[in-house]
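Please treat every number below as a calculation from the coordinates, not as lab data. Note that this is a predicted model, so its numbers are computed, not measured. Here the Cβ is made from the backbone with ideal geometry for all residues, glycine too, and neighbour counts use every protein chain on show.
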Amino acid sequence: AASKSVVVDGKSYIEDEYTNVTPKILSFIGTNNHNRCGHPLNLFKQRLVDFFYDHFRGRTGNPIFSIYDKINPVVTTNENFDSLLVPKDHPSRNKTDSYYLNKTHMLRAHCTAHQSELIKMGLDNFVVFGDVYRRDEIDATHYPVFHQADGVHIFTPNELELINGTNVNVFDNDKNNSNDEKQGVYSKEANEIVTDHLKKTLVTMIKKVFGEEIEYRWISEYFPFTHPSFELEINYNGQWIEALGCGVIRHEILKNAGAGNRIGWAFGLGLERLAMPFYSIPDIRLFWSKDSGFLNQFQNLPKDGRMKYKPISIYPQCINDISFWLPKEKQFCSNDFYELVGNYGGQLVEQVKLIDQFKHPNTGNVSHCYRIVYRHLEKTLSQAEVNEVHKLIEIKATQILGVKLR
Ligand code: PHE
């Protein structure tokens, strides 16, 4: 029998039990908002690029960081997970969390997916910009496609010495000497120089973008591909928001990529997450707006690049709930329903979340109740329009997910 396949960018991938990409998700590929002239994500990206070009220069004044912004978002599961030491049972590998073309290929869930390959190519200093794909709930700050910047800085022994002033041993003689602060293989000294350099660089970057006065704090984090790992948070209007994740690259990754004699740092950040406070953009879906009322506001920016987005107008919300019994024969996960709502509700849906669940004491049947908040970004919706879409979602949920409406 002929097998079905998914075609992306002219390449076909044979479908299997892992395939969960939808036509809607595939339609985002190639939009490249981060490369579109005048798009706020492109403007914001340019600020980061300028920082890396200015801040790191070689002996003759040339920039030492290379920028990659056109790498295909289709990656192997090896690139996205294994090459980064993500454990086999890590939840991010789950079909419910990532978009798979098939068992071996997926849409990258982070730009870190390219780290190992680029190091293998011999690169030491680079930043990758790109679109990333994750299955998630829908609200003002979550969308299944968003954009990231991922940077790597690998030091030569010479560079470490220059920063430190004197000779530095990169490695520890006692390889078992690992703790919360460092990997066993690296010397305490080298680890400290690199960690300090990482934190200083990223704080300088954030201050360069948001201004000297920006309030920030460091938090310890865990990533499978770095140790130690940190998160940088910034205070925006009295709220702490996560600005980026970073850490000292796991030595095993460098070793596997042919740079086993080195030490280096890496970071990753979400462009929308930072561009939203930077431009006061209230809803992540606006980045996909084709309305001139949105994009025109980013023309002729002042010299410092800063501007405050003015909402075109605020349209009222329409709230409809949906309750159903979960199928007994089939697996059901909330992300399947969120995605279905995104597919059939499209630009009309502002939020969808699980608000109640209930298990029948006698039958053991489980029911879920979801609240769907409808609001169009650019017009007032009539109840009739909303009802039509809501009805469609009910029908599709019954047909596709096998739920039974209550
Ligand atoms: N890939 C991580 C994320 O998507 C961010 C990260 C990149 C953290 C590189 C550490 C080093 O959240």
Estimated distance in nm for a label pair at Leu162 and Glu212, the labels positioned 7 Å out from Cα along Cα-to-Cβ:
2.7
By average Cβ neighbour count within 10 Å, what is the ranking of 249-261, 8-20 from highest down?
249-261, 8-20
Calculated [θ] (222 nm, deg cm²/dmol) that DSSP helices of n ≥ 4 give over the chain, each run adding -39,500 (n - 2.57):
-7500 deg cm²/dmol
Which whole-angstrom value gives the distance between the alpha carbon centres of the range 23-98 and the range 353-402?
34
Over what distance in Å are the Cα centres of the range 168-189 and the range 315-350 separated?
49
Could you tell me the convex hull volume per residue, in Å³, taken over the Cα atoms of the range 1-66?
159
Once Rh is set to the Kirkwood radius over Cα pairs, what Stokes-Einstein translational diffusion coefficient, in µm²/s, holds for the range 106-210 at a temperature of 37 °C and a viscosity of 0.692 mPa s?
199
May I ask you to list the GluC sites (Glu not before Pro) in the range 172-215 that are in a DSSP loop and have at most 12 other Cβ atoms within 10 Å of their Cβ?
Glu212, Glu213, Glu215
The range 291-345: C-alpha pair distances exceeding 18 Å, %
63
Taking amide H positions as placed in the peptide plane 1.01 Å from N, state which residues far from Tyr68 in sequence (5 or more) or on other chains have amide H under 5 Å from it.
Val127, Val128, Phe129
Length gain on complete extension for the stretch Tyr222 to Lys188, per 0.36 nm per residue less the alpha carbon to alpha carbon distance?
10.3 nm
Give me the one-decimal nm value for the distance between modelled label points at Asp174 and Leu354, 7 Å along each residue's Cα-to-Cβ direction.
4.7
Please compute the Kirkwood hydrodynamic radius over the chain, one decimal place, Å, based on all pairs of different Cα atoms.
23.4
With label points built 7 Å along Cα→Cβ from the Cα atoms of Gln317 and Thr31, find their separation and express it in nm.
2.2
Relative contact order of the chain (C-alpha contacts under 8 Å, at least 6 apart) in percent is 14
Per 5 Å bin, what percent of the C-alpha pairs of the range 236-393 does each bin hold, from zero upward?
2, 7, 12, 12, 12, 12, 11, 10, 9, 7, 4, 2, 0, 0
Relative contact order, percent, of the range 268-357 when contacts are C-alpha pairs under 8 Å separated by at least 6 residues?
21
Rg/Rg_globular for the range 35-113, with Rg_globular taken as 2.2 N^0.38 Å and Rg from C-alpha atoms:
1.44
